[in-house]
1. Starting with the highest mean, order 166-174, 184-192 by the number of other Cβ atoms within 10 Å, averaged over the residues of each peptide.
2. From the phi angles alone, apply the Karplus equation (6.51, -1.76, 1.60; θ = phi - 60°) to region 139-156 and give each ³J(HN,Hα) in whole Hz, x where the residue is Gly or Pro.
3. Rg (Å, one decimal) plus Dmax (Å, integer) for the alpha carbons of region 44-111?
4. Per the helix-only calculation at 222 nm, which mean residue ellipticity applies to the chain, given -39500 (n - 2.57) for every DSSP H run of n ≥ 4 and division by its residues, nearest 500 deg cm²/dmol?
5. Going by amide H atoms built from the backbone, whose H comes under 5 Å of the H on L131, apart from near neighbours?
6. Can you say what percent of the DSSP beta bridges in region 2-234, counting only those with both residues inside, are antiparallel? Round to 5.
7. May I ask for log10 I(q)/I(0) of region 1-70 at q = 0.12, 0.24 Å⁻¹, from a Debye sum over the Cα atoms as equal point scatterers with solvent left out?
8. How large is ³J(HN,Hα), in whole Hz, for each residue of region 22-38 in order, when computed from phi with the Karplus curve 6.51 cos²θ - 1.76 cosθ + 1.60 and θ = phi - 60°, using x for Gly and Pro?
Amino acid sequence: MEVVILKDAREVGRAAAGVFAALLRRKPDAVLGLATGSSPLPVYDELARLHVEEGLDFSQASGFALDEYVGLPADHPEAYGSVIRRDFASRVNIGPASVHTPDGTAADLEGACAAYEEAIAAAGGVDLQILGIGTDGHIGFNEPGSSLASRTRIKTLTEQTRRDNARFFSSIDEVPHHVVTQGVGTIMEARHVVLVATGAGKADAIHGLVEGPVTAMCVGSVLQFHPHTTVLIDEAAASSL
Ligand code: GLP
């Protein structure tokens, strides 16, 4: 695991976007692993800038989001399909049909989870996964206690995560209780993982991820076993290292 401490969120975004740009120039049909949350926003801002100003080409690339709320209509502004479109896909020239999110509205959710795994495999697996981390150490929506070998499945959010995410909704009552998320085992198969985190609120999670024991109680710590993970953090997020 490579850990790089940078000045602020903008620098973190630039560094992460640079990894994406280098991959796309080498492999234009790369499979990108996409994440929601506020942490990847500076990455997407920089990718949009590189697309507009330097012609970074996404036309042959495809993308798979990590997770989705269960029960939010696909056109709900906080459904992760909408978020990924708004924050990333609509700002570059990636084909809209090439960007996938798990189906949180399917009548057969387990079938939808299996289909998502198959779609990732059929695309050849994820080349580069951008990841944030929850304050409780979760990656995707793999909350503490998740099996470290898990595959895409339905999970129940902890109250802490619902509270953390309530800022995107008008009240906590609107935050769904259930989600579909790529499993920890699924995420671990990405060939390169770039995890971004900024701010003092992430310091404990980053400590657990980088220096803690590998434990399902801080799911991100499993990345210590990943062959190619780059952790890009600002000084505040690094303050407990
Ligand atoms: C959500 C997402 C995660 C993300 C986390 C942290 O729970 N499912 O993928 O890492 O939020 O979000 P933020 O970057 O806004 O702190």
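Coordinate-derived values only; no laboratory data. Computed from a prediction, not measured in an experiment: that's the story for all the values here. We place every Cβ from the backbone using ideal geometry, glycine too, and count neighbours over all the protein chains shown.
1. Peptide ranking by packing, descending: 184-192, 166-174.
2. For region 139-156, the Karplus-derived couplings read 10, x, 10, 7, 6, x, x, 5, 5, 6, 10, 5, 10, 3, 6, 8, 10, 9 Hz, x marking Gly and Pro.
3. Values for region 44-111 (Cα only, Rg and Dmax): 13.3, 43 Å.
4. Numbers: 7 runs with 75 residues, N = 241.
The per-residue figure over the chain is -9500 deg cm²/dmol.
5. Distant-sequence amide H within range of L131: V194, L195, V196.
6. Numbers: 9 of 31 bridges.
That works out to approximately 30 percent antiparallel.
7. -0.34, -1.19
8. These are the phi-based 3J(HN,Hα) values: 4, 5, 5, 6, 7, 9, x, 9, 4, 9, 9, x, 10, 10, 9, x, 7 Hz.
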